[in-house]
Amino acid sequence: MTQNPHYTKHHPKWYRTGMPIFWWMHKWVHMKFILRELTSVAVAFYAVVLLFQVRALSQGPEAYASFLAWLKTPIAIVLHAIAFLFVIFHSVSWFNLSPRALVVRIGKKRIPDAVIAASNYLAWVVFSAAMVWIMLTS
Amino acid sequence: MPTNVTLDIFRYRPEDELKPVFQSYEIPFRKDWVILDALNYIKDSLDGSLSYRWSCRMGVCGSCGMMVNGTPVLTCATFLEKFLPGPIRVEPLKNFPVIRDLVIEMSDFMRKLKRVKPWIIRDEEKSLSEGEYLQTPTQLADYKQYSMCINCMLCYAACPIYGLEPSFTGPAAIALAQRYNFDNRDQGKKQRMEALLQDGGIWECTLVGECSVVCPKGVDPAGAIQRYKVASTTEWWKSLLMPWGSREG
């Protein structure tokens, strides 16, 4: 037996199939997985928007005003709406998956999965509330 | 209740045909029959040339895994009744080369299993006079779930990442690495981590999660891999922030 895991002796009589390019189209769970992977594009979109906002801010009030004007254009609003839905999907699916990765123990007791998932949502609500408060009071 | 049910079975006879074909067999339907009983009936009474693996008939040996209507299952634990009225499509486990009919080639899995060193590693063995390694029920509970793996490879058949990237070590082997990492008698965590941080290791996994869905033993390999990622990230941060500290966690 070879030590190299990448090497399998050539057997012309073994039947092998590859994965078709649209392998994820046949099952809803796979489709959901691909959608979840694609949500990272929406997260990246928000990051890029933020970078442009910071740049506009550094260029003075005029540049910032024109950035804000761009945000009000229909295309920016549509892009934001789509990105927002994707980001919600991203957050919810990862929050629900987090107990799979985090096994936390207090003493000998393992913290139940629901508590770990719920603490993510709680943090989400707290941070969102803080953001709203900052925006409304400033 | 129907009196008969049809099975469409994947046949591949490399001496006769270049490509596999599906062959239909009509068998009597019995409520207490699993898919494996149906295959045994075909082999005994209809077509002795059908090849497939099986052994224990009770979900322990892990030999009889096949794709039934597109889902990897242990055929000894899957009732015919579930798929009525049929026809029921039986294929070899996906993502593996097929040697003949329903028999797959599994040496890739065996090599990967060996690579994660699924045995207890000690820096220094205790001498016999020092007695046995003791373990509390809580310490046993830490890894017991992962020790339930029967190497049936259903998780490999369910994993699209393994299908796309054959170098991926895969769900069962990583779960079995964790079985020993979480064992308080073991000291080989670092050696296994080295093997699993390379190409084809834990970071190939993008958490599709299907491995845990199909696992007949409730092992949750997907969870095991994610815990591995958390542990490796923690180690990385520790080595970055405290380079003088020991990396053995």
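None of the figures in this text is laboratory data; all of them are computed from the coordinates on show. This is a predicted model, so every value here is computed, not measured. Neighbour counts run over all protein chains shown; Cβ positions are idealised from the backbone, glycine included.
Things to note:
- Among the chymotrypsin sites (Phe, Trp or Tyr not before Pro) in the stretch A:36-138, none is located in a DSSP loop while being surrounded by at most 14 other Cβ atoms within 10 Å of its own Cβ.
- Taking amide hydrogens as placed 1.01 Å from N in the peptide plane, the amide H of residue B:34 sits under 5 Å from those of B:80, each at least 5 positions away in sequence or on another chain.
- What you get for chain A, charging only the Cβ of Lys and Arg (+1) and of Asp and Glu (-1), is a dipole of about 880 debye around the Cα centre.
- Sites excluded, trypsin sites (Lys or Arg not before Pro) in DSSP loops with at most 13 other C-beta within 10 Å, longest stretch of chain B: B:127-246
- For the stretch B:4-104, convex hull volume per residue from C-alpha positions, Å³: 94 Å³
- Among the GluC sites (Glu not before Pro) within the stretch B:1-97, those in coil by DSSP and having at most 15 neighbouring Cβ atoms inside 10 Å are B:15, B:17.
- Of A:99, A:15, B:51, farthest towards positive along the dipole that unit charges on Lys, Arg, Asp, Glu beta carbons give the protein assembly as shown: A:99
- Gained length - residue A:23 relative to residue A:77, 0.36 nm times residue gap less alpha-carbon distance: 16.1 nm
- Residues listed by number, the stretch B:72-93, amide nitrogen under 14 Å from residue B:46 label point at 7 Å toward C-beta: B:80, B:86-91
- Cys residues of the protein assembly as shown that find no other Cys beta carbon under 4.7 Å: B:64, B:76, B:149, B:152, B:159, B:205, B:215.
- Across the stretch B:45-59, rounded Karplus estimates of 3J(HN,Hα) from the backbone phi angles (6.51 cos²θ - 1.76 cosθ + 1.60, θ = phi - 60°) give 10, 10, 8, x, 8, 5, 10, 6, 9, 6, 8, 7, 6, 9, x Hz, Gly and Pro being marked x.
- When restricted to Cα atoms, chain B yields an Rg and a Dmax of 21.4, 73 Å, respectively.
- For the stretch A:39-66 versus the stretch B:76-118, the gap between their alpha-carbon centres in whole angstrom: 51 Å
- When both the stretch B:20-41 and the stretch B:135-150 are represented by their alpha-carbon centers, they are found 37 Å apart.
- Kirkwood Rh and Cα Rg combined as Rg/Rh, the stretch B:107-241: 0.99
- Dipole magnitude of chain B, debye to nearest 20 (Cβ charges: Lys/Arg +1, Asp/Glu -1, about Cα centre): 340 debye
- For the stretch A:82-89, Karplus couplings with θ = phi - 60° (6.51, -1.76, 1.60), whole Hz, Gly/Pro x: 5, 4, 4, 4, 5, 5, 4, 4
- Karplus-derived 3J(HN,Hα), 6.51/-1.76/1.60, for each residue of the stretch A:33-39, Hz, glycine and proline x: 4, 5, 4, 4, 5, 5, 4
- A Cα-only calculation for the protein assembly as shown places Rg and Dmax at 26.0, 86 Å.
- Shape of chain A, Cα gyration tensor, a/c cut at 1.5: oblate
- The residue B:4 and residue B:141 beta-carbon pair, evaluated with R₀ = 41 Å, returns a calculated FRET efficiency of approximately 0.30.
- Extension gain, residue A:133-residue A:51: 0.36 nm per intervening residue step, less the Cα-Cα distance, totals 27.2 nm.
- Each label point was placed 7 Å from the Cα along the Cα-to-Cβ direction; for residue B:122 and residue A:125 their separation is 5.2 nm.
- If both residues of a DSSP beta bridge must be in chain B, then about 85% of such bridges are antiparallel.
- Rough spin-label spacing in nm, given labels placed 7 Å along Cα→Cβ, for residue B:198 and residue A:62: 6.0 nm
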